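A short write-up of the structure that comes next.
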Amino acid sequence: MRTLSTIAAAVAIGATLALSPTASVAAEKPTPGPTKGPCAYTPLEDQTYSTWVGLPKDPKHTPSHGWKPITLKTNRGDIPLLLERSKAPCTVQNFEFLTRKKYFDDTKCHRLTAYQTPPSALSVLQCGDPLGTGWGDPGYSFKDELASAKELPNWPGFPDGSRKNYTRGTLAMANGGPDTNGSQFFLVYQDSRLRPDYTVFGHISERGMKVLDKIAAGGIDPGTEGTPEDGSPKLTTIINRAKPGF
């Protein structure tokens, strides 16, 4: 999967939700596909950092109505999510598939940000990488569904909509550029300023927000590549299990 750059460079360009680098080699993977339905889940040519569990089913008519509850059972408490099919049907279908495959089980939420100095504003917990590094992916990518992002309120001072307010409680996909969605996602704990380049596919329950607030309050470990505003959560956060339902 294509990346934007290191965390330090991300700071310079305004704290994007990019995948971040590390060194890891995955086992050899099969490369079927792409799928023939409207979501066109497409195997990556480079699967160096992939954890392959196959491709999601891609029916002719992607389910696009209703809500799908998913609970992230973490070592810090349960984080219930409500996925909205009408906002991003291919993304929700993908998340359901990865949950059924236990892809998120025993994985670390690898990134916590707390950019609060104007003009920067980015307060998220990023998860969904089995490698726990920021580079991991499921071995395939799929298209953006950005209508949901464009519906978000404009960030103050940007009436043209070039910066959106990813409001507290938003659930969205991280990516490394256009149409590079895979498994990584982020949970917003304070209103965040971003371009409308990240697919919004649901929101976090109030019960989940209490857990997320506790993780954020624990602070950031910048490690060797991060900053005091961008690194790993000091309160190491593990998704022990992701399961359907609340």
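Structure notes:
- Being acidic (Asp, Glu) and buried (at least 17 other Cβ atoms within 10 Å of the Cβ) is not true of Glu225.
Okay, residues lined up against (1) open to solvent by less than 10 Å² (accessible area, probe 1.4 Å); (2) of a type outside the set (Lys, Arg):
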| site | (1), (2) |
| --- | --- |
| Arg76 | no, no |
| Cys90 | yes, yes |
| Phe97 | no, yes |
| Lys108 | no, no |
| Leu125 | yes, yes |
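- The requirement of being under 20 Å from Pro196 (Cβ atoms) and part of a loop (DSSP other than H, G, I, E, B) is not satisfied by Pro63.
- Test: Asn165 is out of contact with any His (no Cβ under 6 Å at 6 or more places or on another chain) and without any contact (Cβ under 8 Å) to a residue 24 or more places away in the chain: no
- Failed item, numbered, when Leu112 is tested on (1) crowded, with 23+ Cβ neighbours inside 10 Å; (2) of a type in the set (A, V, I, L, M, F, W, C); (3) touching an Asp or Glu at 6+ places or on another chain (Cβ under 9 Å); (4) not in a strand (DSSP E or B): (4)
- Residue in region 157-164 that is out of contact with any Lys or Arg (no Cβ under 6 Å at 6 or more places or on another chain), under 26 Å from Glu45 (Cα atoms) and aromatic (Phe, Trp, Tyr) present: no
The values are calculated or read from the model by the stated rules, or taken from the named source; none is laboratory data. Bear in mind the structure is a predicted one, so any value in this text is a computation, not a measurement. Counting neighbours? That spans all protein chains shown, and the Cβs are built from the backbone with ideal geometry, glycine included. The protein model used for the area step is the full one, side chains on, heavy atoms only, and it has no ligands, DNA or RNA in it. Shrake-Rupley method; radii C 1.70, N 1.55, O 1.52, S 1.80 Å.
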